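Trainee: Before I ask anything, let me first share the structure, which is written out below as structure tokens.
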Amino acid sequence: MTMRTREEVVVNRDVPAVTVPHGSPVTIEEGCVAVITQQLGTSVTVMVQGNLYRVEGVDADALGLEPIVDDHDHPEGPITAQYVEDEAWSRMTTCYDPEIPVDIVNLGLVYRCDIKEVTPEHFDIEIDMTLTAPGCGMGPLIADDVRSKLTTIPGVKNVEIDLVWDPPWSREMISEAARLQMGLL
């Protein structure tokens, strides 16, 4: 997806959002002026009156954008553990911290992705992930975003996400490509 930044829009209807970085639900009212600061994955981050908010992509029309849907094809042939693992990693690259324009995989926030076969063609996924800071209020929202995307993988029955703090996240965990993108090299 192309990232649009610093585009000023007028909100054309009341739209649900969450505060960044606290994750508290709010409503951005129709008629407010919003500045799009980030449009990545399946959400849009906007600034309204100096405060950041995350709007889900399905509500992007309130910002004058096309709604963002997470479309994925159903696999041809049997569903395998390898297919589920590949899809899990791919879908996690569409999850973003609303304050950082790099997906959670390239930020180095995902420590483990294990696929457990429950029955042939039915799998559970176990994820260990962390946050850039232990007090990040967006943690539950990011974990819910991961969970909702992984539960739509064909054959997946359950997704367990554990937020872990060991080892502590550091900038060295960011992929080289993401460090280059962020100007950290």
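Trainee: Restricting to the range 1-16, and then to whatever is of a type in the set (A, V, I, L, M) and modelled with pLDDT of 95 or more, can you tell me which residue is nearest to the chain's Cα centre (by Cα)?
Mentor: Looking at residues that are of a type in the set (A, V, I, L, M) and modelled with pLDDT of 95 or more, I get 15.
Yes or no, residue by residue, for (1) out of contact with any helix residue (DSSP H, G or I) (no Cβ under 8 Å at 6 or more places or on another chain); (2) without any contact (Cβ under 8 Å) to a residue 40 or more places away in the chain; (3) closer than 20 Å to residue 99 by Cβ:
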residue: 8; (1), (2), (3): yes, yes, yes
residue: 14; (1), (2), (3): no, no, no
residue: 21; (1), (2), (3): yes, no, yes
residue: 42; (1), (2), (3): no, no, yes
residue: 47; (1), (2), (3): yes, yes, yes
residue: 51; (1), (2), (3): yes, yes, yes
residue: 56; (1), (2), (3): yes, no, yes
residue: 59; (1), (2), (3): yes, no, yes
residue: 62; (1), (2), (3): yes, no, no
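Trainee: Does the range 130-183 hold any residues that are of a type in the set (A, V, I, L, M, F, W, C), assigned to a helix (DSSP H, G or I) and either in contact with a helix residue (DSSP H, G or I) (Cβ under 7 Å, 6 or more places away or on another chain) or over 26 Å from residue 25 (Cα atoms) (or both), and which are they?
Mentor: Answer for the range 130-183, where residues must be of a type in the set (A, V, I, L, M, F, W, C), assigned to a helix (DSSP H, G or I) and either in contact with a helix residue (DSSP H, G or I) (Cβ under 7 Å, 6 or more places away or on another chain) or over 26 Å from residue 25 (Cα atoms) (or both): 146, 150, 173, 177, 178, 180, 182.
Trainee: A follow-up question, please. Does residue 118 fit the bill of being over 13 Å from the mean Cα position of the chain (by Cα), in contact (Cβ under 8 Å) with a residue 24 or more places away in the chain and assigned by TED's automatic domain parsing to the domain that holds residue 178?
Mentor: Considered against the rule, which asks whether it is over 13 Å from the mean Cα position of the chain (by Cα), in contact (Cβ under 8 Å) with a residue 24 or more places away in the chain and assigned by TED's automatic domain parsing to the domain that holds residue 178, residue 118 comes out as yes.
Trainee: In this structure, does residue 176 turn out to be surrounded by fewer than 16 Cβ atoms within 10 Å (Cβ to Cβ), in contact with a Leu (Cβ under 9 Å, 6 or more places away or on another chain) and closer than 26 Å to residue 51 by Cα?
Mentor: Criteria not met by residue 176.
Trainee: Something else about it: Going by the conditions given, is residue 65 of a type in the set (A, V, I, L, M, F, W, C) and within 17 Å of the chain's Cα centre (by Cα)?
Mentor: no
Trainee: From the list 96, 83, pick out the single residue that is aromatic (Phe, Trp, Tyr), farther than 18 Å from residue 40 by Cα and crowded, with 18+ Cβ neighbours inside 10 Å.
Mentor: When all the criteria are applied, what remains is 83.
Trainee: With the requirement that a residue be hydrophobic (A, V, I, L, M, F, W, C), more than 15 Å from residue 89 (Cα to Cα) and touching a Leu at 6+ places or on another chain (Cβ under 8 Å), what does the range 119-141 give you?
Mentor: Passing the criteria: 131, 138.
Trainee: Okay, moving on. Those residues that are more than 21 Å from residue 104 (Cβ to Cβ) and either modelled with pLDDT under 90 or in a loop (DSSP other than H, G, I, E, B) (or both), I need them from the range 25-48; list them, please.
Mentor: 29, 30, 31, 32
The values are calculated or read from the model by the stated rules, or taken from the named source; none is laboratory data. The shown structure was predicted, so the numbers you read here are calculated from the model rather than taken from an experiment. Backbone-built Cβ (ideal geometry, glycine too); neighbour counts: all protein chains shown.
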